[in-house]
Amino acid sequence: MGSLPFTVSGLQTSSTGGRSSPTLLCTPLMGTTVDQMLIEMQKAKEIGSDVVEIRLDCLRNFNPRPDLEFLVKQSPLPTLVTYRPVWEGGQYEGDETKRQDALRLAMELGADYIDVELEVAHDFNSSIYGKKPENFKVIVSSHNFHNTPSAEAIGNLVARIQATGADIVKIATTALDITDCARIFQITVHSQVPTIGIVMGERGLISRLLSPKFGGYLTYGALEAGAISAPGQPTAKDLLDLYNFRLIRPDTTVYGIIGKPVGHSKSPLLFNAAFKSVGLNAVYVHYLVDDVKKFFDTYSSPDWAGCSCTIPHKEAALKCMNEIDPIAKKIGAINNIVRRPDGTLTAFNTDYIGAISAIEDGLRGLNGKHPAAGSPLAGKLFVVLGAGGAGKSLAYGAAQKGARVVVANRTFERAKELADKVGGQAMTLAEVDNFHPEEGMVLANTTSVGMKPKIDEAPISKQSLKHYCLVFDAIYTPKDTRLLREARETGAVIVYGTEMLIRQGFEQYKNFTGLPAPEDLFRQLMEKHA
Ligand code: NAP
């Protein structure tokens, strides 16, 4: 698919109650009894939802008139009543006439919305013609649990839904790839009728998070992580607190982290809190990406302003870039991508900057009040343990600062290859214990030796640590590794892997926004959520 024209002009940016986003947040109630649903309604209100969806098909002993009267009247929030049959992905298996009678009753009893399936919408809407209360709205919905059809097919579907007399169009499809969301965005952003566009599944997450940006009428947020009414549904709490849902507008800039898997990443937490703290009109999301090129080709307008990049895309993403920071190019891996206003992509590797700057600061602390100008790494003997991704970042970064680099690795060939590239010396990991041509060397562990769960291991002996003035460990689980504990006991300055992690985040923030990172906030959040 080629790039899509994400025209966002002409959309309402603000309407109701001082909220920036006019998109409603609806929480489905999945309780099996009326009493449970009553409790859920209160919770939804406390969390900050706008609407509750009463899923009648979840109720075990549903007694239409008393139950609906109670639920609709007691609800502290506007109500959307849905009675989803099995043939549309719901739980109701009974008589169709009774089902539709219940929906009509909900309307008469004061529900604000009902959701009726496209298959029966024509007849249903005819049956209530001229009887609809003021402000009551019918959502006509279509669910596709297999895929997301072509833009043309979705367009035809919208036309069919509109032809039934729907007040609100709802289309829910299934994401096989994150780029499927783009076709739903095209529909919601251009639709003349209020439209709910949802792409179900983990790959469809951005269709839900970014619905305020693309003019969606409503999005669904679950009460709890385990209580979702459709695959891929985020919680209402995450929408509001993690992704700043209320602040997303049509002109909001979008950042994110591409990876697979990616849901575990804490980056959205850090970046969204940082954006909010300075009032930046931007959001940072999780992008579960299978095909990096397709992703960049599809989300290609300047609004998609950049992303962080994690496993397994750090190398594949290189091929999609227009410009690559020279060191990142040498390292052969990128983790930070910025889209320039002209649409081109520039990539950086902030891992090496994060690690090297932390080590430099550690050395400056050692040099006292009047550290020498330039990098304190210049001329130092810098021993890198490991020759993988992190090893390359450290070796190139240190060499660039003028250090004399030694690479020691379990597999000698990999040490040799990296050492040759940075103009350094290679050895096996086993040789490092007896390597001390001088005192005051710098040691950087980038092997995974000592990482959880094998926290009792260390890559070199304690005895040999006395020749180093500073020891850095890239491992951050645990923060205090055996290597760092022993180095501290030996008298060396120590630099934690968490410091590399957090500083690479600062660099990404600077590259994205051109602003200094709110470092204290990042540190507090890392501490709290580590
Ligand atoms: P990688 O590319 O897979 O490289 C792993 C390195 O560890 C290789 O040099 C490998 O040696 C060595 N190694 C693995 N098991 C070993 C063992 N039992 N004995 C000796 N050497 C062993 O991994 P990576 O991405 O560079 O990550 C390495 C570590 O750095 C991980 O703990 C990771 O969490 C950490 N890291 C931290 C940050 C941060 O921000 N703090 C960033 C990136 C990575 P061979 O070549 O012989 O296999």
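Remarks
- Convex hull volume per residue in cubic angstrom - Cα atoms of the range 333-426: 113
- For the range 210-335, the extents of the C-alpha atoms along the principal axes are 47, 30, 25 Å, listed from largest to smallest.
- The range 235-269 versus the range 430-491: alpha-carbon centroid distance in Å: 37
- Working note: Cα atoms of the range 246-399, range along each principal axis, descending, whole Å: 51, 34, 31.
- Here the chain has 51 percent of its accessible surface on carbon and sulfur atoms, given a 1.4 Å probe and all protein chains in place.
- Local electrostatic count at TRP87 - Lys and Arg +1, Asp and Glu -1, tallied over other residues with Cβ under 12 Å: -4
- Between the range 337-360 and the range 137-171, the alpha-carbon center distance in angstrom: 42
- The chain - accessible surface per residue (Å², probe 1.4 Å): 42
- For the range 117-191, the pair-distance distribution built from all alpha carbon pairs, in bins 10 Å wide starting at 0, is 18, 48, 25, 9, 0 percent.
- Mean projected area in nm² (Cα convex hull; one quarter of hull surface) for the range 11-131: 8.5
- The packing ranking, built from the mean of other Cβ atoms within 10 Å per residue, places the peptides 259-266, 451-458 in the order 259-266, 451-458, highest first.
- Rounded tilt (10° steps) of 519-529 against the dominant C-alpha axis of the chain: 70
- C-alpha long axis of helix 180-190 to longest principal axis of the chain, angle in °: 50
- Per-residue ellipticity at 222 nm computed for the chain from its helices equals -10000 deg cm²/dmol, with DSSP H segments shorter than 4 residues left out and the rest contributing -39,500 (n - 2.57).
- Convex hull projection area averaged over all views, the range 471-524, Cα basis, nm²: 4.2
- The C-alpha atoms of the chain define a longest principal axis, and helix 151-163 lies at about 30 degrees to it.
- Radius of gyration and maximum dimension Dmax of the range 91-232, Cα, Å: 15.3, 43
- Convex hull of the range 378-522 built on C-alpha atoms - directionally averaged projected area, nm²: 9.1
- Looking at the range 312-408, the trypsin sites (Lys or Arg not before Pro) that sit in a DSSP loop and have at most 10 other Cβ atoms within 10 Å of their own Cβ are LYS369.
- When the pairs LYS314/LYS416; LYS276/LYS401; LYS266/LYS454; LYS462/LYS510; LYS276/LYS392 are compared against a 30 Å limit on Cα-Cα distance, LYS276/LYS401; LYS462/LYS510; LYS276/LYS392 fall above it.
- Long-range HN-HN contacts of ILE196 with modeled amide H, under 5 Å: VAL169, LYS170, ILE171, TYR217
- Using alpha carbons only: equivalent-ellipsoid semi-axes of the chain, gyration tensor based, whole Å: 55, 23, 19
- Relative contact order (percent, whole number), the range 403-530, Cα cutoff 8 Å, 6+ residue spacing: 16
- Here the range 429-474 is treated as an ellipsoid with the same Cα gyration tensor; its semi-axes, largest first and in whole Å, are 20, 11, 8.
The values are calculated or read from the model by the stated rules, or taken from the named source; none is laboratory data. Given the structure is predicted, the values throughout are model-derived calculations rather than measurements. Counting neighbours? That spans all protein chains shown, and the Cβs are built from the backbone with ideal geometry, glycine included. Quick note on the areas: whole protein, heavy atoms, side chains included, nothing else; ligands and nucleic acids left out. Shrake-Rupley method; radii C 1.70, N 1.55, O 1.52, S 1.80 Å.
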